[in-house]
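The values are calculated or read from the model by the stated rules, or taken from the named source; none is laboratory data. What you see is a predicted model; the values in this text were computed from it and never measured. Cβ sites come from the backbone with ideal geometry, for glycine too, and all protein chains shown count toward neighbours. The protein model used for the area step is the full one, side chains on, heavy atoms only, and it has no ligands, DNA or RNA in it. Shrake-Rupley method; radii C 1.70, N 1.55, O 1.52, S 1.80 Å.
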Amino acid sequence: MMEGFIAKLSNISNRDLVNEGAQEFCLKLNTKSNRKKLVRALYGVSRNRLDLLPFHARLVRTLSPILPDIPTDLFTLLKKEFIYHLRKKDQNNLETKVKNIRFIGELCKFEMCEKSDALWCLRVLLEQFTHHNIEIACSLVECCGRYLFRSTDTHLKTNHLLDQMMRKKAVHNLDTRQITMVENAYYYCNPPDRVAYVKKVRPPLHEYIRKLLIKDLNKNNIEKILRQFRKLPWQDDEVAMYAVKCLCRVWNVKYNNIYCVASLLAGLAQFQETIGILVVDNVLEAIRIGMEINQPHYNQRRVAEAKLLGELYNYRMVESNIIFNTLYLVISFGSLPDATNPIDLPQDMIRTRLVLTILETCGQYFEKGSLKKKCDIFLLFFQKYLFTKSAAAANRRGV
């Protein structure tokens, strides 16, 4: 029975399984020999299963009120192994060393060993802050450093050791990976002071407009949202301009709901014609400005704007001439793509993405008649654009 219980330890991956395992051991397997076997099994956990350590530490914590010898024996084994590796000073078995120190850290968080023991481990590692000891110390700090730093009785000592670790980082000749590891561990425990995020205060009516568009709007309530929009005080210029601003900023809406914004705008334009005109003008201007600026962090909103333009055509808010003019503008704005063109670099494919987004959204309406002929002609120019871009990229690589 005990062998089966030990085999199940590798599958303990949540709190309920830990509680069930503790109950089963106490009721059915609680003998002196089985307790020793359990300690050896917990101690011998695979070095590749660091994810099990928090649950094994929780199991030890759950059993400790009834079986206090289990945490004591387990920590004794872990401490002996830690001292053995520390004195041996070899550069082998790093994963085993990390497993050992993380297990000590987990036991410390569950108060199964003294906090002073964890601080002692950190102190002796800092005294020999080289090679594997750097990674072991960082693993201990990441595991229980924040707990020690925020505990009143160990805050000062932990803060002193963390400062000492940062000073040693500056003095020792560490590589980039080790420097990053030390800084990550330090700032995980003692994050730098940051200015608290101040939520922008908006008038209640503005918040209501944002709620309708960003949170509530979906395919099932377009008519309901339209009725609410029609009730807005459109004679107030401030409210009207803010509504136009929200309707244009479709990157705040879920991508799959952009067509809902176009449908809402099409219904609203029947009663507020100027609103539809303003939104179309703003979208076309935003697409052009995006090509002039060409900053990568704006790519997501540029794709959303292209998607909205295609949806506006689907809902007959714009004519086909505007769509084709925009498509030609996308592939022809600025000079031909080459290595010196900052607004359309050879490796920058955002314009291709914009063209494909527009065609994917409304291209099904260009499959017959004169529109098909216009689309075929554009695709030839688009193909030429792609070939030119590929040639420029190849020249830049020296192919």
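Only one of the numbered conditions (1) part of a helix (DSSP H, G or I); (2) closer than 16 Å to Glu207 by Cα is not met by Trp251, and that is (2).
Results for (1) acidic (Asp, Glu); (2) within 17 Å of Gln383 (Cα to Cα); (3) within 34 Å of the chain's Cα centre (by Cα), shown as yes or no for each residue.
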{"position": "Ile287", "(1), (2), (3)": "no, no, yes"}
{"position": "Met291", "(1), (2), (3)": "no, no, yes"}
{"position": "Gln295", "(1), (2), (3)": "no, no, yes"}
{"position": "Lys307", "(1), (2), (3)": "no, no, yes"}
{"position": "Arg316", "(1), (2), (3)": "no, no, no"}
{"position": "Ser320", "(1), (2), (3)": "no, no, no"}
{"position": "Arg351", "(1), (2), (3)": "no, yes, yes"}
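The single residue among Lys199, Lys254 that is among the basic types (Lys, Arg) and more than 30 Å from Ile343 (Cβ to Cβ) turns out to be Lys199. From the list Leu162, Leu140, Leu213, Leu174, the one residue that fits, being among the hydrophobic types (A, V, I, L, M, F, W, C), within 30 Å of Tyr259 (Cα to Cα) and in contact (Cβ under 8 Å) with a residue 24 or more places away in the chain, is Leu213.
Each row is one residue, and each column tells you yes or no for (1) within 30 Å of Gly276 (Cα to Cα); (2) more than 32 Å from the chain's Cα centre (by Cα).
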site: Leu162; (1), (2): no, no
site: Met166; (1), (2): no, no
site: His172; (1), (2): no, yes
site: Tyr188; (1), (2): no, no
site: Ile209; (1), (2): yes, no
site: Lys215; (1), (2): yes, no
site: Asn218; (1), (2): yes, no
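Considering every residue within segment 1-12, establish whether at least one is surrounded by fewer than 13 Cβ atoms within 10 Å (Cβ to Cβ), touching a residue at least 12 places away in the same chain (Cβ under 8 Å) and among the aliphatic types (A, V, I, L, M). Within segment 1-12, one or more residues are surrounded by fewer than 13 Cβ atoms within 10 Å (Cβ to Cβ), touching a residue at least 12 places away in the same chain (Cβ under 8 Å) and among the aliphatic types (A, V, I, L, M).
For segment 98-126, the set of residues classified as under 30 Å from the mean Cα position of the chain (by Cα), more than 19 Å from Asn159 (Cα to Cα) and either open to solvent by 10 Å² or more (accessible area, probe 1.4 Å) or not aromatic (Phe, Trp, Tyr) (or both) consists of Val98, Lys99, Asn100, Ile101, Arg102, Ile104, Glu106, Leu107, Phe110, listed by residue number. Among the residues of segment 224-242, is any surrounded by 17 or more Cβ atoms within 10 Å (Cβ to Cβ) and closer than 25 Å to Thr357 by Cα? Scanning segment 224-242 turns up no residue that is surrounded by 17 or more Cβ atoms within 10 Å (Cβ to Cβ) and closer than 25 Å to Thr357 by Cα. Put simply, of Leu52, Leu42, Leu17 the only residue that is of a type outside the set (Gly, Ala, Ser), surrounded by 12 or more Cβ atoms within 10 Å (Cβ to Cβ), closer than 25 Å to Cys143 by Cα and touching a residue at least 40 places away in the same chain (Cβ under 8 Å) is Leu52.
In the condition set (1) open to solvent by less than 10 Å² (accessible area, probe 1.4 Å); (2) part of a helix (DSSP H, G or I); (3) over 24 Å from Arg40 (Cα atoms), Phe129 is compliant with all but (2). Can you name the residue in segment 307-334 that is open to solvent by 40 Å² or more (accessible area, probe 1.4 Å) and part of a loop (DSSP other than H, G, I, E, B) and is also nearest to Cys260 (Cα to Cα) among such residues? Across segment 307-334, the extreme among qualifying residues is Tyr315. Residues that are within 22 Å of Ala286 (Cα to Cα) and outside any helix (DSSP H, G or I) are absent from segment 208-230 altogether. Restricting attention to segment 143-159, the residues being in contact (Cβ under 8 Å) with a residue 24 or more places away in the chain, open to solvent by 30 Å² or more (accessible area, probe 1.4 Å) and in a loop (DSSP other than H, G, I, E, B) number 1.
Scanning segment 271-291 for residues that are in contact with a Phe, Trp or Tyr (Cβ under 8 Å, 6 or more places away or on another chain) and open to solvent by 90 Å² or more (accessible area, probe 1.4 Å) yields a total of 1. Selection within segment 223-265: residues that are among the polar types (S, T, N, Q) and out of contact with any helix residue (DSSP H, G or I) (no Cβ under 8 Å at 6 or more places or on another chain). The member of this set that is farthest from Leu278 (Cα to Cα) is Asn256.
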